[in-house]
Amino acid sequence: MFKILKEKYFMEYYTNGFIETNISLSDNLVNEIREYYLSKKIGHNDFPKFFAYNEHLGYMMQKKFLNFFLKVFPKFGKILVKNFYNKSYNKAVYCEQIFIKKILKELLEKGFFRFFKTHYMLVSYDMYLHSNHLSSAAGIHSDLPNFHHFYETENDLSIYIPLIDLNYINGGRLKVLPEKILKIPGNILLKLLYKYFSKNLLYLDKNNYINPNLISYSQINAFIKSKMHQELMSIYKNMISLVKTQYINDFIETIETKGKVLLFNNKNFHFAEYWKNTQQAREIYVIRMLPIYDVKIKLKNKLHGKPFNNFLLNFLENKIQFYEESVDFSQISSNNKIPL
Ligand SMILES: [Fe+2]
């Protein structure tokens, strides 16, 4: 993260686990986002789409029986996981991409570039989360990398925008364990993916980049089961146990007003407080950004049939670049990338 954020903001992130940008989106835009997503049906939940071919999801929930069911009775296990997510969110909408450009434009106008040392950040996808006082709050977790995105890093940064106040009255505050307390292993997933898949010429494109679209799910599964990946997953699993037993009092809470933008790393351990407001739902809008590492892995174009990975934030020129296809990393020179 030191290579991504300017020193001052790196220190804030390192100490607090997040950065208060003190930038708020205009009321008009926040209301527009809310109106759009509120018109979507309750029960629209994109989370279950991520369950297929991601057996490590079981770790995320730390329920041993769930892991067992996913392995022994995959169908039944998936129903359990689906119910789990329906209890947490009554609406979760991924990759609509309607507001990305508008939001980024406002952020850049309000000086968003000042936080970044790196030349570029990839803007990967957006999501909207809606829950109410009956929903179970998300427990302590780290958003584990998954193979539907394929390219993910330990230093992904989320633009986290509450569409309603998150405070002691409403509840629903995000709490984060800062990096100074505990950090998951860094810069390893892309290394492992590259090491494993670059050996097979069938997976490489004309630029010698690994093309995830050429890799079948059975080959992904072989990677998931490989010793190196299993070792990484057991580190995650042990770390979460450690966090729950030793670091429970070290989480730092955020207090957010409607539309105020927070930057946080979803790979750091975090959880959300129980939502107390019985009159209004908890609504969160997130845009996920990824740093660009110097590794020959191509980006996927589609996430569950929808375009993603196609915006680039260029901080040097303070502009947003939009692409019809996913951003082509092979066109970005090595000195504008972060060494892995
Ligand atoms: Fe999360």
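Remark: Arg34, Arg114 ranked as Arg114, Arg34, counting other beta-carbon atoms within 10 Å and listing the fewest first.
Each DSSP beta bridge with both residues in the chain is either parallel or antiparallel, and the antiparallel ones are about 95%. For the chain, would you read off the P(r) tail past 32 Å as a percentage of all alpha carbon pairs? Of all Cα-Cα pairs in the chain, 27 percent lie more than 32 Å apart.
Of Ile332, Ile161, Ile338, how do they rank once you tally other Cβ atoms within 10 Å and put the fewest first? Walk me through the numbers before you get to the answer.
Details: Ile332 16, Ile161 27, Ile338 20.
Final ranking by Cβ density, sparse to dense: Ile332, Ile338, Ile161.
Over every Cα atom in segment 202-241, the radius of gyration and the widest Cα-Cα span, Dmax, amount to 13.7, 44 Å. The string of couplings for segment 186-203 from the Karplus curve (6.51, -1.76, 1.60, θ = phi - 60°) is x, 6, 10, 4, 5, 4, 5, 4, 5, 4, 6, 8, 6, 5, 9, 4, 5, 8 Hz, one whole number per residue in order, with x for Gly and Pro. Taking every DSSP helix (H) stretch of at least 4 residues in the chain, weighting each as -39,500 (n - 2.57) and dividing the sum by the residue count yields a mean residue ellipticity at 222 nm of -9000 deg cm²/dmol. Centre-to-centre separation between the Cα atoms of segment 116-170 and those of segment 248-305: 2 Å.
In this structure, the pairs whose alpha-carbon distance is over 31 Å, taken from Lys102/Lys191; Lys101/Lys337; Lys110/Lys244, are Lys102/Lys191; Lys110/Lys244. To one decimal place, what Kirkwood hydrodynamic radius in Å is obtained for segment 222-278 from all pairs of distinct Cα atoms? Radius from the Kirkwood sum: 14.5 Å.
The value of relative contact order for segment 7-329, using C-alpha pairs under 8 Å at least six residues apart, is 32 percent.
Computed from the coordinates by the stated procedures, all read-outs in this text should not be read as laboratory data. Note that this is a predicted model, so its numbers are computed, not measured. When we count neighbours, we look across all protein chains shown, and the Cβ atoms used for this are built from the backbone with ideal geometry, even at glycine.
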